[in-house]
Amino acid sequence: MLGVTTETVNYGEDHDLLLRFTNLERTLIDIVVRPFYSGGVFEVAKVFENAKNQVSVNRLKAMLKQMAFGYPYHQAIGFYLERAGYKQSQIDMFKNLPMERDFYLTHAMGKTSYVKQWHLHIPEGF
């Protein structure tokens, strides 16, 4: 339930709705973990661009750490932050984490390019 918010909303109807949804930081993590559920890596990149002035990168990093994934998703997140033009200090929060193995941005990419600084395979032409 990390990053899940519950709120009452009303869109002009006779009754309120109780909605549960993830906050921005949790949503960014979720779409990095499973990009095909959000339209693919190009859409994920757009979301990172659009979220630039709204997301707390500190909270994003803390939440990712708390989720304790076995895979190095921090490499993919750092890559997206850099690609979207975030501040260098925000990018460095992920760049300074250990990068002990190569990782893939998504499954079944076909031909890939390798981004050495992130130890990351990305779709060719991305």
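Rule-based calculations on the coordinates, nothing more; no lab input. Remember, predicted model here, so these are calculated numbers, not experimental data. Cβ sites come from the backbone with ideal geometry, for glycine too, and all protein chains shown count toward neighbours.
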- [ ] Just rank VAL57, VAL9, fewest to most, by other beta-carbon atoms within 10 angstrom.
- [x] VAL9, VAL57
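Which percentage, to the nearest 5, of the DSSP beta bridges contained in the chain is antiparallel?
On the way: 10 of 12 bridges.
Of all bridge pairs located within the chain, approximately 85 percent are antiparallel.
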Open item on the list: Please compute the length gained on full extension between VAL33 and GLU100, using 0.36 nm multiplied by the number of residues separating them and subtracting their Cα-Cα distance.
Closed with: 22.3 nm
Open item on the list: Could you list ARG26, ARG59, ARG20 so that the one with the fewest beta carbons within 10 Å of its beta carbon is first and the one with the most is last?
Closed with: ARG20, ARG59, ARG26
- [ ] Determine which residues of segment 91-111 fall in the zone a paramagnetic label at PHE126 would reach in this model, i.e. backbone nitrogen under 17 Å from the point 7 Å along Cα→Cβ.
- [x] 95, 101-111
Open item on the list: Give me TYR86, TYR80, TYR11 sorted ascending by neighbouring Cβ count inside 10 Å, so fewest comes first.
Closed with: TYR11, TYR86, TYR80
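Excluding TYR86 itself, what net charge comes from residues whose Cβ is under 15 Å from its Cβ, given Lys and Arg +1 and Asp and Glu -1?
+3
Report the Stokes-Einstein translational diffusion coefficient (µm² s⁻¹, integer) for the chain, Rh taken as the Kirkwood radius over Cα pairs, at 20 °C with viscosity 1.002 mPa s. Present the calculation step by step, with values, prior to reporting the outcome.
Working: Rh = 15.6 Å.
Estimated via Stokes-Einstein, D reaches 137 µm²/s.
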Task: Rounded Å value of the spacing that divides the Cα centres of segment 51-124 and segment 1-33 - done: 24
Task: Length added when fully stretched, TYR11-THR112, from 0.36 nm per residue minus Cα-Cα - done: 31.9 nm
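For the chain, what does the relative contact order come out to in percent, with C-alpha contacts under 8 Å and a separation of six or more? Don't skip to the end; give the middle numbers.
Details: 144 pairs, mean separation 23.6, N = 126.
For the chain, the relative contact order is 19 percent.
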Task: Inter-label distance for LYS87 and LEU19, nm, one decimal - labels placed 7 Å from Cα along Cα-to-Cβ - done: 3.0
